[in-house]
4 protein chains.
Amino acid sequence: MIFASDNWAGATSAVMTALANHTSGFATAYGVDPLSRSIERQFNDLFEKEVAVFLVSTGTAANSLALATYAKPGGAIFCHEEAHINVDECHAPEFFTAGNKLIGVAGENGKLTPDALRSAMNKVPDNNPMHGRPAAVSISQVTELGTIYQLDEIQALADVTHSRNVPLHMDGARFANALVSLDVSPAEMTWKSGVDVLSFGGTKNGCWCAEAVVFFKPEDSDGFEYLRKRAAQVFSKARFISAQFEGYLKDDSWLVTARHANEMCTRLANGMRDIDGVRLLLEPEANELFPVLKKEQAERLKAAGAEFYESAADFTAEDEVFIRLVTCFATTPEQVDEFLRHLRG
Amino acid sequence: MIFASDNWAGATSAVMTALANHTSGFATAYGVDPLSRSIERQFNDLFEKEVAVFLVSTGTAANSLALATYAKPGGAIFCHEEAHINVDECHAPEFFTAGNKLIGVAGENGKLTPDALRSAMNKVPDNNPMHGRPAAVSISQVTELGTIYQLDEIQALADVTHSRNVPLHMDGARFANALVSLDVSPAEMTWKSGVDVLSFGGTKNGCWCAEAVVFFKPEDSDGFEYLRKRAAQVFSKARFISAQFEGYLKDDSWLVTARHANEMCTRLANGMRDIDGVRLLLEPEANELFPVLKKEQAERLKAAGAEFYESAADFTAEDEVFIRLVTCFATTPEQVDEFLRHLRG
Amino acid sequence: MIFASDNWAGATSAVMTALANHTSGFATAYGVDPLSRSIERQFNDLFEKEVAVFLVSTGTAANSLALATYAKPGGAIFCHEEAHINVDECHAPEFFTAGNKLIGVAGENGKLTPDALRSAMNKVPDNNPMHGRPAAVSISQVTELGTIYQLDEIQALADVTHSRNVPLHMDGARFANALVSLDVSPAEMTWKSGVDVLSFGGTKNGCWCAEAVVFFKPEDSDGFEYLRKRAAQVFSKARFISAQFEGYLKDDSWLVTARHANEMCTRLANGMRDIDGVRLLLEPEANELFPVLKKEQAERLKAAGAEFYESAADFTAEDEVFIRLVTCFATTPEQVDEFLRHLRG
Amino acid sequence: MIFASDNWAGATSAVMTALANHTSGFATAYGVDPLSRSIERQFNDLFEKEVAVFLVSTGTAANSLALATYAKPGGAIFCHEEAHINVDECHAPEFFTAGNKLIGVAGENGKLTPDALRSAMNKVPDNNPMHGRPAAVSISQVTELGTIYQLDEIQALADVTHSRNVPLHMDGARFANALVSLDVSPAEMTWKSGVDVLSFGGTKNGCWCAEAVVFFKPEDSDGFEYLRKRAAQVFSKARFISAQFEGYLKDDSWLVTARHANEMCTRLANGMRDIDGVRLLLEPEANELFPVLKKEQAERLKAAGAEFYESAADFTAEDEVFIRLVTCFATTPEQVDEFLRHLRG
């Protein structure tokens, strides 16, 4: 009953099989092998557009390097105050951008609003070096509270962003979960809605360690090869990351696993609705659920071996606790049902 | 007939099997899983000492973070002028150390000498901020010319290094190849000879992407967790790197593959000695060979599908070319013999 | 009628005279001249303690280098959300700390409270690299809203700070104005109240460009010479900064000018109390006043040549404007009275 | 008898007078005051071209920020191995460029040659991220050995530089000394000979602390305001630096002082020619002389109060010492003659 995070899972068999297929033999090092080239072309098809794509190994690397591409002396990067880049990456974005400032903006349900974004950006006006200048805006899709931006919400944030002549970055660590939830195309959820650069996550949804930085304006990526190499993110045996994407994308494996994860989350939510003492704060939109439980319920679950994160919150009663549950490709209906059984007591 | 680099190979079956064994199931993320802990303990045994070990994914990451641990404002890092960190890592060490300077020192056969090192360090005297101050010394074992430091040579460099109160780093991208060539223990080739911190390479010798930073004075590594996380080198599914080391170290697999690679290199060298037009500049000590060929020989080999690197050199005649040949665990005697056959013409 | 900022003034005659006295002749370069050494000793007397003092040329340099001394990979620096280091220095602190994050904390009247600070620091717990770790806390004395921390308030913030094992920095750009307002000693307002490192400002109170970083635990400053030199803040003709401090400190000139500036601010405030349409939001505690005026009053003042800054604010009525008035050593009673005359209309 | 460095002197009376003239009164802060604007226009006249000029306070700041303007991930900056930026600035250029590598190139008499430069740049080929990529070339005029590039030598280096699509920077810490020695115009010695960006030094030739970064292609300086502010080099009372340049440039004061300094150097050299035991290694071209003396001569001079630097050198005999003598605006013929008298013994 592991609901701690989707990155506690291993790899899908599709990914593992692809890796195994590329174990032997020789290939040119440093990412110019035929497989890597082929994966790059697959991304063009996926996004119905010529994109520039660069494979890296962690989400923090993808986010930090995407943002570093647009960093400037005195640059400010705007994001939700709870964004992964703002609070969960050990300030790697600040480091890789040589000290650009991340400005966290408040917003309900983990989502930035155009008004709040505009207001925050207005505090960094043009032509006043004291306050720095905007460098980028970043949103997370899925957000850190498991919510999802609708296409028109993305476009509205992109409009504010572009009005200040900076790019919109999407942290897509859970890109697939959002995509199947919205039931739109990758193109629609990104460049057709104003996204300029994407961290395309593979790890949480079934890869070992495979992430991609996707530039929808390929010319923006001039020199990115140097940025990536300097960041120690160019792998000599690069086909190892490429192979993961080969397995991940083949036969829509990635969409299948994302749908499964989301369904498991819905199953969890539905099972919890009628349980006394449980409050669902948000309807699940992807593969994360944020309920409030009675403390005794949480204790019972942990005693039974369930794994999940608890957070401090100011909206819980004395005898309550706020928790996060995450499902993934490896979550089974049986695990969900067992969890619910222990929750009921 | 791939002799371009040892990182053109894939992974050994030992590594692949270990990976496959850890594909399914859940494990705590970010490197605190049982497997990762167990690998860390294995390094203690390997080095006959309590060490602090941190797994990362590329050699550039290992080198850059090892050096960043000891970086200082105004710091200078001394190394051979041809060192990988100095010329082959896109200046990642300078970046991760926030601008420490790498000072390349000349030395025959790819090796630093104590006198040359002392002389270079003397140009950065104590207590003169204009010139900065020493931060570290780094040597490569195997060197960039395929040569190997003897234990007393390492100790002599360590003595010069320590006389300036800075640590000695060893870039062990080909650690195993050097180890089996010298026929000494890991402890002897490192801390018993004065090495303070090691980049322990697994990738070139059979892993997919597995490197370790090993601190022989564990207290030096205080805060390294933050340095590594900020560098985007903490993997959520960290067991994936740990599993590689599990397979790599099991049953001395890594020593077997290193010995094989070295033997293939000796076979190459021995086969070339009697071939007209070929000059061996250095006797092979590990798995790299640097011969001078006639240009027509090189052309013939390439036409037959052989892969190797050519370099500019000032010691070649008009009709000659200077090349590098690297063998690895995946090199077969048949490949070597085929290469020699084409070389003979 | 210049009330835009205390840094629109020139230099006091005491400072100018000292500079003129050191114009000719030779002195050892780079800050080891006798005058510089003598100034350093004066700081020991001033603070009744052996301190380590380093002269620099701008407040941004003093703040950034003081903080960089304590920076760490993944470090977070806590300050008021309106702190100069957070919003007015073009993210120089982030740059000089190689990407430490500044975490702005809300607080009334420009002041941090122990509770808000503790709560913000708790979000960066120990031993969790994802969230980074505390590196320092910084307070401004005078604050950005012209208010002043009482000694026990400083001590309370120091206690929270030190409970996390990081130092308390004081941005003393207007140190003298606070000091004479509290009528305490420099020692009492700093290390006796728990301050570990101080940016001691001279520029706003009568120097051309003279600031000092003062370490109350001299051992903390190990290596600061390199940090300062690498920051391009070591002046070859360093006596030029030292001479400013010579004039500044001589015969308590700095306290005289600070008292004058504060008195001019009080005169302004007192004159405004009875004027219709004017609201004083805060009683002046040093040399800054933040009134709300009727827009027509502000327009009239500007038409008469008055200079001051206006800010956006959510507590002003349609026909009002929020302004900042700053007095300094060069402000005369006549200028104040003229301003009040125009304000009255 | 101070010949240690031209930065041991104070300020010229022209500079001091200008400073005194601007002591009182108010002026807009942060460099947008009328005086600063007027100085910027004077630079246009000086260089017979519209230039973008930014005042800073130290030579290290000017060099580091000029180079940071053109820095890139993986960038390499080529310069003479003895260049001030390479060995005398505590690695500030590496820091301000976020880790670009400085590559020192050997060259006789302190001068880069086109062949050596081309050869060094060829080791950093296009399109190979491992080796990084060229970012800039920097030359010193006057060089660190007191020699001067002729106009055609500058142009030849610019041609090599521009063939790799990077800019040529000139470190003009002793710009005036070179200019009067060559007897050419500022335009001829810079952009007409292919220089793209200049560190224009004022400090060594009579200012307190005044340097300027001059861009000959103003569009290159886009965003430099942010770079400078983030570097803590924007002065609130900026007119203080501007005033120095006002005095420096007025009535060609700067050319007068430079000519004087050079003449004093010639007087020194001429006086030393006939003294037994003295070897002049290079004819003086500006205001620096590098003779070899007998050790007893050096001791005698020091005993008499002479100040100068000694360096290690491999071309001196047992009983000899290699020294550097620098003259400046404050050097008098009497000081020179007294030095010569003691040297003769």
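The values are calculated or read from the model by the stated rules, or taken from the named source; none is laboratory data. Given the structure is predicted, the values throughout are model-derived calculations rather than measurements. Reconstructed Cβ throughout: ideal geometry from the backbone, glycine too, with neighbour counts over all protein chains shown.
Some observations on this one:
- Contacts under 7 angstrom Cβ, first residue in segment B:308-335 being touching a residue at least 24 places away in the same chain (Cβ under 8 Å), partner loosely packed, with under 11 Cβ neighbours inside 10 Å and not acidic (D, E), 6 or more apart: B:F322/B:S311; B:R324/B:S311
- Flag set for D:A106, criterion: of a type in the set (A, V, I, L, M) and either within 14 Å of chain B (Cβ to nearest Cβ) or crowded, with 24+ Cβ neighbours inside 10 Å (or both).
Okay, residues lined up against (1) on the phi < 0 side of the Ramachandran plot; (2) touching a strand residue (DSSP E or B) at 6+ places or on another chain (Cβ under 8 Å):
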site: C:I2; (1), (2): yes, yes
site: C:A14; (1), (2): yes, no
site: C:L19; (1), (2): yes, no
site: C:E40; (1), (2): yes, yes
site: C:D45; (1), (2): yes, no
site: C:C90; (1), (2): no, no
site: C:E94; (1), (2): yes, yes
site: C:G99; (1), (2): no, no
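- Residue-level check: of (1) β-branched (V, I, T); (2) over 21 Å from C:K237 (Cα atoms); (3) under 19 Å from the mean Cα position of the chain (by Cα), D:T97 misses just (3).
- Whichever residue in segment D:29-45 is surrounded by 19 or more Cβ atoms within 10 Å (Cβ to Cβ) and not charged (D, E, K, R) and, among such residues, is nearest to the other protein chains (Cβ to nearest Cβ): D:A29
- Residue that is of a type in the set (G, A, S) and either within 14 Å of another protein chain (Cβ to nearest Cβ) or surrounded by fewer than 19 Cβ atoms within 10 Å (Cβ to Cβ) (or both), where the choices are B:A210, B:A286: B:A210
- Any hit, segment A:156-166, residues being within 30 Å of A:T331 (Cβ to Cβ) and among the hydrophobic types (A, V, I, L, M, F, W, C): no
- Members of segment A:4-18 found to be more than 7 Å from chain B (Cβ to nearest Cβ), farther than 30 Å from A:P291 by Cα and of a type outside the set (S, T, Y), listed by number: A:A14, A:V15, A:A18
- C:R273 satisfies every condition listed in (1) farther than 17 Å from C:S181 by Cβ; (2) within 14 Å of another protein chain (Cβ to nearest Cβ) except (2).
- Screening segment A:234-345 for helices (runs of 4 or more DSSP H) wholly inside it with 1 or more residues that are in contact with a Lys or Arg (Cβ under 6 Å, 6 or more places away or on another chain) returns the ranges A:333-344.
- Residue in segment D:183-196 that is free of Cβ contacts under 8 Å to residues at least 24 places away in the same chain, among the acidic types (D, E), on the phi > 0 side of the Ramachandran plot and not in a helix (DSSP H, G or I) present: yes
- Just one of the listed residues (D:G271, D:G277) is surrounded by fewer than 20 Cβ atoms within 10 Å (Cβ to Cβ) and either at pLDDT 95 or above or assigned by TED's automatic domain parsing to the domain that holds D:T147 (or both), namely D:G271.
- Within segment C:221-233, if we keep just the residues that are in contact with a Leu (Cβ under 9 Å, 6 or more places away or on another chain) and outside any helix (DSSP H, G or I), the residue that is surrounded by the most Cβ atoms within 10 Å (Cβ to Cβ) turns out to be C:A232.
- Being modelled with pLDDT under 95 and either part of a loop (DSSP other than H, G, I, E, B) or over 26 Å from C:A286 (Cβ atoms) (or both) is a property that C:N127 has.
- Index of the failed condition, B:F96 passing every other in (1) within 12 Å of another protein chain (Cβ to nearest Cβ); (2) within 20 Å of B:V142 (Cα to Cα); (3) of a type in the set (F, W, Y): (2)
- Within segment B:324-345, being modelled with pLDDT under 95 and either of a type in the set (F, W, Y) or in contact with a Phe, Trp or Tyr (Cβ under 8 Å, 6 or more places away or on another chain) (or both) holds for no residue.
- The condition (being under 14 Å from A:L67 (Cβ atoms) and more than 7 Å from chain C (Cβ to nearest Cβ)) is satisfied by just one residue among A:H80, A:H91, A:H84: A:H84.
- Residue match in segment B:132-143 (condition: at the interface with chain D (Cβ under 9 Å from one of its Cβ atoms) and either buried (at least 24 other Cβ atoms within 10 Å of the Cβ) or at pLDDT 95 or above (or both)): yes
- Taking the criterion of being within 22 Å of C:N7 (Cα to Cα) and free of Cβ contacts under 8 Å to residues at least 40 places away in the same chain, the residues of segment D:212-255 that qualify are D:Y226, D:K229, D:R230, D:A232.
- Here C:E48 qualifies as away from chain B (no Cβ under 14 Å), in contact with a Pro (Cβ under 9 Å, 6 or more places away or on another chain) and surrounded by fewer than 24 Cβ atoms within 10 Å (Cβ to Cβ).
- None of A:T332, A:T327 is crowded, with 19+ Cβ neighbours inside 10 Å and among the polar types (S, T, N, Q) except A:T327.
- Residue that is farthest from B:S242 (Cα to Cα) [pool: residues in segment B:55-75 that are surrounded by fewer than 24 Cβ atoms within 10 Å (Cβ to Cβ) and of a type outside the set (D, E, K, R)]: B:A71
- Across segment D:230-256, the qualifying residues are those that are of a type in the set (D, E, K, R) and facing chain C (nearest Cβ under 7 Å), and the one among them that is farthest from C:T60 (Cα to Cα) is D:K237.
- Residue within segment D:58-66 that is in contact with a Pro (Cβ under 7 Å, 6 or more places away or on another chain) and either at the interface with chain C (Cβ under 10 Å from one of its Cβ atoms) or modelled with pLDDT under 95 (or both) present: yes
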